[in-house]
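Below is one structure, written out as structure tokens; comments come after it.
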Amino acid sequence: MPVNQLIWLYFGASGRLSRGAYFWAGLLTFVLLFFPAYQFLLSTVDGAPNGFWLTISWAVSFMFLWWHVALGIKRLHDIGKPGYVAFLIPLFVALAFIVLAVMPGEEGPNRYGVQTNRPK
């Protein structure tokens with residue numbers, strides 16, 4: 001996948017995203033979220049936290065929120081709904097992830113884009 005498409009996928013807010021692409025991109029964000037947290041827990045020696053993994057964990061946590069909002073905006077566009085609803089997704093990440101991964105998109109072009117998995 002080209003770098004510019006990855007940037008659009010995780011940081012862009014325009015266009016549409018299919019169920020499959022949303023599911024796999026979202027699953028990757030969960031892996032990226034849990035890996036530094038796991039490393040932080042492993043690196044804690046005698047109750048003293050490792051500052052490097054703690055910093056990485058916090059940074060990835062903040063990025064995780066935006067990634068899910070960006071993915072959610074594009075997925076909502078594919079369903080034909082306005083993207084601003086995606087800002088509620090961090091409050092209900094797990095439930096919203098499952099619902100958006102299962103709900104089918106609209107057939108054919110809609111007002112958010114002509115084709116799924118492409119910027120507008």
| request: Considering (1) part of a helix (DSSP H, G or I); (2) within 19 Å of Lys120 (Cβ to Cβ); (3) out of contact with any strand residue (DSSP E or B) (no Cβ under 9 Å at 6 or more places or on another chain), say which one Ala13 fails and leave the rest. | output: (1)
| query | Does Trp24 satisfy being outside any loop (DSSP other than H, G, I, E, B), under 24 Å from Gly80 (Cα atoms), among the hydrophobic types (A, V, I, L, M, F, W, C) and in contact with a Gly (Cβ under 8 Å, 6 or more places away or on another chain)? | reply | no
| Tally time: how many residues in segment 73-120 are in contact (Cβ under 8 Å) with a residue 40 or more places away in the chain and either in a helix (DSSP H, G or I) or among the polar types (S, T, N, Q) (or both)? | 14
| query | Which one of these does Ala70 not meet: (1) under 12 Å from Ser14 (Cβ atoms); (2) in a helix (DSSP H, G or I); (3) in contact with a Ser or Thr (Cβ under 9 Å, 6 or more places away or on another chain)? | reply | (3)
| Which residue out of Leu71, Leu65, Leu54 is of a type outside the set (Val, Ile, Thr) and either under 20 Å from Thr116 (Cβ atoms) or crowded, with 18+ Cβ neighbours inside 10 Å (or both)? | Leu71
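Within segment 39-49, can one find any residue that is of a type outside the set (D, E, K, R), at negative phi, in contact (Cβ under 8 Å) with a residue 12 or more places away in the chain and part of a helix (DSSP H, G or I)?
Yes, because at least one residue in segment 39-49 is of a type outside the set (D, E, K, R), at negative phi, in contact (Cβ under 8 Å) with a residue 12 or more places away in the chain and part of a helix (DSSP H, G or I).
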| message | Yes or no: segment 29-40 includes at least one residue that is polar (S, T, N, Q) and under 17 Å from Gln5 (Cα atoms). | response | yes
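Laboratory data are not the source of any read-out in this text; all were calculated from the coordinates shown. Predicted, not measured: the structure shown is a model, and the values here were computed from it. All Cβ positions, even for glycine, are placed from backbone atoms using ideal geometry, and neighbour counts span all protein chains on display.
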